[in-house]
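Input: a single structure, listed below in structure tokens.
Please treat every number below as a calculation from the coordinates, not as lab data. Just so we're clear, the structure is a prediction, and the values are computed from it rather than from any experiment. No Cβ is skipped: glycine too gets one built from the backbone with ideal geometry, and neighbour counts run over all protein chains shown.
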Amino acid sequence: MNGEFNRIAQEFAHAQGLHLTDVQALIAILDAREDGTADPMTPGRLRKQLNLTSGAVTACLDRLEKAGHIHRVRAADDRRVVHLHYAEAAKGVARDYFRPLAHGTEAARGRFTVEELEVVARFLAEMNRELELLR
């Protein structure tokens with residue numbers, strides 16, 4: 001499953017003229033508001049999350065900004081802080097591209113009971129915990 005997700009992400013990256021790391025950054029930027037914090041993603045947080053050097057993050061963000069996927073905004077309360085925002089038009093491009101994946105996910109999920117899905121979710125959460133320990 002992970003291999004197939006990566007293949008789809010690589011195809012999206014290729015179609016957009018991006019690197020796979022750029023797509024990982026886009027996902028992190030999009031998910032930043034949904035991770036329980038109120039703050040948008042910053043280059044520093046992105047660097048830590050993707051385990052990249054500062055230079056690699058800068059190059060990635062430059063590519064994403066040039067391609068119109070993100071924009072950088074300085075924080076109003078501290079001009080040294082840069083917030084990363086997923087551009088609205090780019091969200092539409094990603095939504096259109098990944099819509100078949102969402103439909104497939106819904107179709108697969110529909111073939112299981114709620115109880116079965118709870119077991120799958122518990123298993124995946126435990127696998128993630130084990131993988132984090134390996135890091």
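Sum -39500 (n - 2.57) across every DSSP H segment of at least 4 residues in the chain, then divide by the residue count to get the 222 nm mean residue ellipticity, nearest 500. Per the formula, -22500 deg cm²/dmol. Phi angles across segment 76-84 convert, under the Karplus curve 6.51 cos²θ - 1.76 cosθ + 1.60 with θ = phi - 60°, into 3J(HN,Hα) values of 5, 8, 8, 5, 6, 8, 10, 9, 9 Hz, Gly and Pro given as x. Potential lengthening of the chain between residue 119 and residue 71 amounts to 13.3 nm, from the contour at 0.36 nm per residue minus the alpha-carbon distance.
When the Cα gyration tensor is reduced to axis lengths a ≥ b ≥ c, the ratio a/c is 1.5 or higher for segment 1-60, and with a/b not above b/c it is classed as oblate. A simple spin-label model places pseudo-atoms 7 Å from Cα toward Cβ; at residue 58 and residue 99 they are separated by 3.9 nm.
Could the peptides 108-120, 77-89 be put in order, highest first, of the mean number of other beta-carbon atoms found within 10 Å of their residues?
Ranking the peptides 108-120, 77-89 by packing returns 77-89, 108-120.
Its relative contact order, with pairs defined as Cα atoms under 8 Å and 6+ residues apart, puts the chain at 17 percent. Which shape class, rounded, prolate or oblate, goes with segment 59-135 when its Cα gyration tensor gives a ≥ b ≥ c as root eigenvalues, a/c under 1.5 marks rounded, and past that a/b bigger than b/c marks prolate? It comes out oblate by the Cα gyration axes.
Under 1.5 on a/c is rounded, so check that first for the chain, then, if it is not, pick prolate when a/b is larger than b/c and oblate when it is not; a ≥ b ≥ c are the square roots of the alpha carbon gyration tensor eigenvalues. Prolate shape, in that a/c is at least 1.5 and a/b is the bigger ratio. Against the longest alpha carbon principal axis of the chain, how many degrees, from 0 to 90 and to the nearest 10, is the axis of helix 20-32 turned? Approximately 90 degrees, to the nearest 10.
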